[in-house]
Each structure stands twice: as C-alpha cells, then as structure tokens.
Amino acid sequence: MPQQTPGDSLPGPLPEWFPRGMALLRDPSLNKGSAFTLRERDMLGLCGLLPPHVSSQEEQVERVLENFRRIESPLERYIMLQSLQDRNEALFYRVIIENPDEMMPVIYTPTVGLACQQYGHIYRSPRGLYVSAADRGKVSSVLRNWPYRDARIIVVTDGERILGLGDLGASGMGIPIGKLSLYTSCAGVHPRRSLPVMFDVGTNNESLLEDPLYLGLRQRRLTGVEYDELMAEFLEATQEVFPGIVVQFEDFANHNAFRLLHEYRDRIPCFNDDIQGTAAVTMAGVLSALRVTGGALRDQSFLFLGAGEAATGIADLLTAAMVEDGMDEVAARQRCWMVDSRGLVVRSRMALAEHKRPYAHEHPQVQDFHDAVEILRPTAIIGVGAVANAFTREVVEMMTRLNERPIIFALSNPTSKSECTAEQAYAWSGGKALFASGSPFDPVEFDGQRFVPRQGNNSYIFPGVGLGAVTVQASRITDSMFMAAARALAESVEQADLEQGSLYPSLLRVRDVSLRIAVAVARVAFAEDLAGIPEPADLDAVMRDQMYDPAYVSYVG
Ligand code: NAD
C-alpha cells in the first residue's frame with residue numbers, strides 16, 4: 001500500500017510497492033505529471049509516456065491557472081479542480097494554497113453547493129466512503145475497506161441540510177470532500193489523514209428520488225431508533241478501526257445536530273462545525289471589532305436574526321467567554337437575543353425547540369426585527385437566518401444611531417441570502433459599521449475611504465482545531481479549545497487589517513493562522529489533561545513539522 005506522497009520526504013531507496021510506468025502516472029498521491037525529472041523517467045519506466053520537456057511545479061501551476069481562468073462556469077471550474085485532485089494531488093494543493101481567494105469559493109461555498117445539487121450528474125470517480133442504511137451490522141468492515149489506516153479526521157454528513165439547500169441526500173458528499181480539502185490547504189493536515197464519509201440514510205427529497213442519475217439509497221430517510229442505532233454503530237466503528245480519530249459532524253439538520261453533539265462530545269473526539277466552528281469564527285470577529293471600539297465583551301449585547309445551529313453556537317460561546325470574563329452565566333445569556341421566523345424568541349412562546357430555550361428571555365413578544373433592534377438596543381446584530389436583505393437601511397441606520405461603531409455581521413450564505421451587502425453596511429452607516437460577512441464581498445470605496453470587508457469563514461478555525469487535536473491525539477474536543485481558537489484568530493488580525501475595516505486576516509495567511517490556532521488548541525488539550533502524547537518542549541516546531549507541503553520531492557535521490 002503506498003505510504004508516500006510527493007509532499008513527503010523520501011528517505012532511502014524506493015520500496016518494493018512503489019508503482020512504475022503508467023501505474024505511477026495514474027496514482028494521484030504520487031503523480032507529478034510533466035514534472036518527473038529525466039532521471040526519474042529513466043528509473044521509473046516513464047520514458048516516452050510524457051512529453052519531453054520537464055516542467056517545474058511553478059510552470060504546472062501556471063498551466064492550471066490559465067485553464068481555470070478560461071472557464072467561466074463555476075461548476076465547470078469545480079469539475080476541473082476535482083479532476084486535477086484525482087490526477088495530481090500535490091499540484092492541486094499547491095494551486096489552492098497559493099490562490100485561496102480564487103480557489104476556496106470553488107472547492108467550497110458557494111460553488112460546492114451547486115456541485116452537490118448536480119452530484120449524480122457530474123460524478124466522475126469515487127472519493128471517500130459511503131456508509132449506508134444497507135450496511136447495518138457490517139459498518140466496521142466497510143470502514144476497513146478504506147486504504148489508509150492512518151486516517152485521523154473524518155468529516156461526516158447525512159446530507160439532510162446541505163448549506164442552505166436542504167435535503168440533498170447522498171449528493172451531500174461534496175461537503176465532506178470539500179471540507180477535508182480545506183483541512184489540507186488551510187492547515188496542512190496530510191491528505192491521507194482525512195476521510196470523507198457520506199452517512200446515507202436515504203432522502204426525503206422527491207426530485208432526487210425520481211432522478212434516474214441520483215447515486216444514493218432510493219428510500220425515505222431512516223428516523224428514530226433505526227437512525228440512532230446506525231449512527232451508534234458507525235461512531236463505534238470509527239474508534240475501533242481508527243482509534244482516536246476525530247469526527248466532524250457537518251450539515252446535519254437541527255433535530256440531529258444538537259442531539260448528536262450532546263450525546264457524543266464526551267465519549268469520542270468530535271465536534272460540529274456548523275455550531276462550534278461558526279461560533280469561534282464569529283467570536284473572533286467580535287473580539288476584533290472590540291479592538292476598534294475599545295469596548296469590553298461583557299458590555300455588549302447581541303441580537304441574532306435566526307435561532308438555529310449558527311446562532312445557538314455563537315451565543316453559547318459568547319456566553320462562555322463572558323463568564324470567563326467574570327460575568328454570571330444567567331446575566332451573560334441575557335446579553336444574547338434571537339429573532340426567528342416567528343419573531344423574538346421569548347419565554348412565553350409555546351413549543352420552543354430545546355436549543356432556543358436558554359435564549360428565550362422574559363419579554364413581551366416583538367414580531368419585527370427592526371422593532372427588536374429599537375427596543376433591545378443591541379451593540380451587535382448577527383444575521384444567521386438566511387433571510388436576504390433583512391438588514392434594511394432602517395435597521396442599519398438605527399444601529400448607527402444607537403452605537404458609535406455598530407457591529408453588523410451578515411453571515412448568511414450564499415451571497416443571495418446575505419442580510420445586507422458590504423456596500424450597504426458602509427453606506428447606510430456612514431462608514432461606521434464594523435462589518436463581516438458569510439459570503440465574499442469586494443472592497444468598497446466610501447467617502448474617500450477604502451474598506452476591505454472579510455468573510456467570517458469557518459476555514460479560519462476548523463482546520464487549525466483539527467491539526468492541533470490530531471497532533472496531540474486529543475481524546476475530546478472541548479468548548480475551551482474553540483474559545484482558544486477564537487482568541488488566537490482574533491490575535492492574528494493586524495492593526496493594518498483593522499484600519500481598512502478587516503476583522504479577519506487575509507486568507508493568504510491562513511496557514512500561519514491555523515498553525516497558531518493548532519498550538520493554542522494543543523495547549524488546552526495539555527492543560528485539560530486530554531492529550532495522548534507528552535507535552536513537547538517546542539510545540540510550535542512539532543506542529544509545523546506535521547504540516548503537509550505540496551512541493552515535489554525527488555523519488556530517486
Ligand atoms: P439553521 O437552519 O440551523 O438555522 C436557521 C434559523 O433561521 C432557524 O432558527 C430559523 O428559524 C431562522 N429563520 C428562518 N426564517 C426566518 C425568518 N424569516 N426570520 C428570522 N429567522 C428565520 O441554519 P444555520 O446553520 O444556523 O445557518 C444559518 C445561516 O447562517 C445560513 O445561511 C448559513 O449559510 C449561515 N452560516 C454562515 C457561517 C459563516 O459565515 N461562517 C457559518 C454557519 C452558517
């Protein structure tokens with residue numbers, strides 16, 4: 001079984017199993033394409049199989065970019081990058097790492113959403129593992145089919161709530177694949193250490209069930225005990241086949257997301273990025289904004305538009321941070337308010353979902369978001385309800401009357417669901433808004449000033465959390481780790497970023513930021529006695545050493 005990639009150093013002679021000739025060119029983890037040197041071609045049976053010119057990796061990157069930029073359709077760009085990943089993994093990661101602003105919206109949101117919607121129609125080659133309801137009783141043998149025993153992180157979805165697109169069943173596989181590519185590009189988690197899993201329990205999406213090219217189980221979703229038993233078997237098998245592997249839950253519907261996290265977080269190393277990753281990246285943005293206003297976290301009040309996974313996760317982490325700053329927990333929760341599709345979440349509302357209850361305060365009902373802003377006078381509004389244009393001119397103007405520097409985060413994705421655009425936030429607040437978004441927005445010129453809004457992108461957080469947890473073999477992933485990650489991210493924002501209105505660092509620095517986060521997370525693991533290795537003297541160096549480098553190495557000395 002190949003245990004080498006172009007990103008590894010290659011000590012000593014080539015092992016027996018090392019492929020030659022066409023088999024080598026067809027192995028994406030080893031292939032260098034036209035970059036094989038003449039000596040490698042000679043010794044590895046490649047003479048004549050490649051054009052005579054030996055390319056450098058830089059030339060190959062240039063060729064990829066030229067082709068990529070010629071393609072106009074985002075979906076075709078996605079397909080092109082997928083086939084590059086299937087052909088030459090090192091080159092794929094080099095392209096992503098060097099061009100994050102251009103590539104990340106293609107390998108992940110928003111384009112990955114389009115790819116999932118079309119999954120059965122654009123499918124070309126297998127990637128990741130499918131664990132389905134048909135595998136009950138033999139899930140561990142399915143996991144054993146995965147060729148790399150050193151997998152250390154699983155991203156799993158059941159496809160029920162893919163981004164803002166709803167139930168996409170097995171077509172949701174694009175999400176774990178995309179997330180794990182981000183682990184490698186943003187934090188250098190070795191590609192072989194990651195395992196994308198589609199937990200296919202069926203779909204209730206009629207159009208998929210009727211689509212002849214749909215690739216998932218053609219049945220309605222398992223629910224109740226059947227769902228829970230299969231999930232329990234799967235999670236148990238993950239730890240049996242890959243002891244200590246980190247499991248990231250991704251894009252589960254509310255009714256399973258909170259429940260699964262609650263049930264398993266103290267039993268295996270796992271987390272939910274939609275809840276906890278979002279919380280950390282948003283809290284980092286708030287901390288950056290407070291560096292501008294000079295305010296203290298404990299003096300803020302937050303009004304969320306939306307009361308789902310993102311809102312609850314963010315409110316929980318902000319509450320924990322306020323408690324850490326010495327505030328009483330009840331008072332801290334009282335600083336977080338939520339408006340959902342039925343208005344302000346208040347105590348008197350009937351049949352409130354469990355996750356909303358901690359934020360259902362004693363207050364008369366308020367129906368409208370604008371009225372809620374006027375009455376509650378928040379210092380920050382956070383849009384996570386996927387309601388396009390909900391931050392109206394009146395709302396932003398009201399926030400600006402209430403606050404010298406209003407914090408306005410329009411986090412809903414995709415761009416069409418954004419609560420307001422960057423341009424609107426700056427224009428309507430007279431350049432005062434401290435703005436972050438869920439989707440990318442171009443820089444804005446306003447009143448002679450150039451603002452560079454940045455995305456509150458989860459990719460700043462989860463890759464570093466994963467790298468840190470995996471490197472020190474953390475047995476649990478705790479809220480303190482996400483808090484440490486948020487603080488490390490906020491500390492990575494430079495004064496120059498803040499001066500141009502950026503509450504996050506440039507994505508070009510994401511690998512350094514992830515390293516910093518990984519070290520912070522590892523320190524928490526040691527402090528909480530959750531690490532599986534002794535604390536190294538130079539944690540930073542150990543972590544850096546773990547990071548995958550897509551530069552080619554010579555296979556023949
Ligand atoms: P969710 O489905 O768990 O929650 C959505 C919430 O919005 C629910 O509470 C729902 O009641 C509420 N809602 C629906 N219609 C509403 C209306 N008309 N008015 C007020 N509230 C309404 O989804 P989620 O995971 O919490 O994600 C919500 C949004 O946040 C999505 O658009 C998602 O893309 C975005 N998000 C962004 C980031 C990021 O930028 N880093 C991270 C996570 C989620």
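What follows is calculated from the coordinates using simple rules that are stated; it is not laboratory data. As the structure is a prediction and not an experimental result, all values here were calculated from the model. Heads up, the Cβs are rebuilt from the backbone with ideal geometry, glycines too, and the neighbour counts pull from every protein chain shown.
For segment 401-417, give me the residue count where each residue is within 14 Å of the ligand (Cβ to nearest atom) and either free of Cβ contacts under 8 Å to residues at least 60 places away in the same chain or touching a Lys or Arg at 6+ places or on another chain (Cβ under 7 Å) (or both).
3
On the basis of being charged (D, E, K, R) and out of contact with any strand residue (DSSP E or B) (no Cβ under 8 Å at 6 or more places or on another chain), does ARG265 make the cut?
The answer is no for ARG265.
So ARG41 clears everything in (1) part of a loop (DSSP other than H, G, I, E, B); (2) within 16 Å of PRO19 (Cα to Cα) except one condition, right? Which one?
(1)
In segment 152-183, which residues are under 19 Å from PHE242 (Cα atoms), within 16 Å of the chain's Cα centre (by Cα) and more than 14 Å from the ligand (Cβ to nearest atom)?
Once the filter is applied, which keeps residues that are under 19 Å from PHE242 (Cα atoms), within 16 Å of the chain's Cα centre (by Cα) and more than 14 Å from the ligand (Cβ to nearest atom), segment 152-183 yields ILE153, ILE154, VAL155, VAL156, PRO176, ILE177, LEU180, TYR183.
Does segment 212-231 include one or more residues that are away from the ligand (no atom under 15 Å from the Cβ), within 24 Å of the chain's Cα centre (by Cα), surrounded by fewer than 24 Cβ atoms within 10 Å (Cβ to Cβ) and of a type outside the set (A, V, I, L, M, F, W, C)?
No, segment 212-231 contains no residue that is away from the ligand (no atom under 15 Å from the Cβ), within 24 Å of the chain's Cα centre (by Cα), surrounded by fewer than 24 Cβ atoms within 10 Å (Cβ to Cβ) and of a type outside the set (A, V, I, L, M, F, W, C).
Yes/no matrix, rows are residues, columns are (1) of a type in the set (Val, Ile, Thr); (2) in contact with a Pro (Cβ under 9 Å, 6 or more places away or on another chain); (3) surrounded by fewer than 17 Cβ atoms within 10 Å (Cβ to Cβ):
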position: LEU44; (1), (2), (3): no, yes, no
position: GLY48; (1), (2), (3): no, no, yes
position: VAL54; (1), (2), (3): yes, no, yes
position: PHE68; (1), (2), (3): no, no, no
position: GLU72; (1), (2), (3): no, no, yes
position: GLU76; (1), (2), (3): no, no, yes
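Report those strands (runs of 3 or more DSSP E) wholly inside segment 369-441 carrying at least 3 residues which are under 17 Å from LEU344 (Cα atoms).
The qualifying strands (runs of 3 or more DSSP E) are 380-383.
Would you point out the residue of segment 299-354, among those that are of a type in the set (A, V, I, L, M), within 16 Å of the ligand (Cβ to nearest atom) and part of a helix (DSSP H, G or I), that is nearest to the chain's Cα centre (by Cα)?
ALA310
List the residue pairs whose Cβ atoms are under 9 Å apart, where the first residue sits in segment 471-499 and is under 20 Å from VAL247 (Cβ atoms) and touching a residue at least 24 places away in the same chain (Cβ under 8 Å), the second is of a type in the set (Ser, Thr, Tyr) and crowded, with 24+ Cβ neighbours inside 10 Å, and the two are 6 or more positions apart or on different chains.
ALA485/TYR460
Going through segment 360-400 one residue at a time, which ones are buried (at least 21 other Cβ atoms within 10 Å of the Cβ) and either more than 11 Å from the ligand (Cβ to nearest atom) or among the β-branched types (Val, Ile, Thr) (or both)?
Scanning segment 360-400 gives VAL373, PRO378, THR379, ALA380, ILE381, ILE382, VAL384, PHE391, VAL395, VAL396, MET399.
Give me the pairs, please: first residue somewhere in segment 433-449 and within 10 Å of GLY501 (Cα to Cα), second residue anywhere and within 16 Å of the ligand (Cβ to nearest atom) and in a strand (DSSP E or B), beta-carbon distance under 6 Å, and either six or more positions apart or on two chains.
Hits for this filter: ALA433/ILE408; LEU434/ILE407; PHE435/ILE408; ALA436/PHE409.
A quick yes/no check of all residues on (1) among the polar types (S, T, N, Q); (2) within 22 Å of ASP274 (Cβ to Cβ); (3) under 16 Å from the mean Cα position of the chain (by Cα):
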| position | (1), (2), (3) |
| --- | --- |
| LYS432 | no, no, no |
| TYR460 | no, yes, yes |
| GLY464 | no, yes, yes |
| GLY468 | no, yes, yes |
| THR471 | yes, no, no |
| ALA474 | no, yes, no |
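Of everything in segment 267-298 that's closer than 21 Å to THR157 by Cα and more than 11 Å from the ligand (Cβ to nearest atom), which residue is surrounded by the fewest Cβ atoms within 10 Å (Cβ to Cβ)?
Filtering segment 267-298 for residues that are closer than 21 Å to THR157 by Cα and more than 11 Å from the ligand (Cβ to nearest atom), the one surrounded by the fewest Cβ atoms within 10 Å (Cβ to Cβ) comes out as ARG267.
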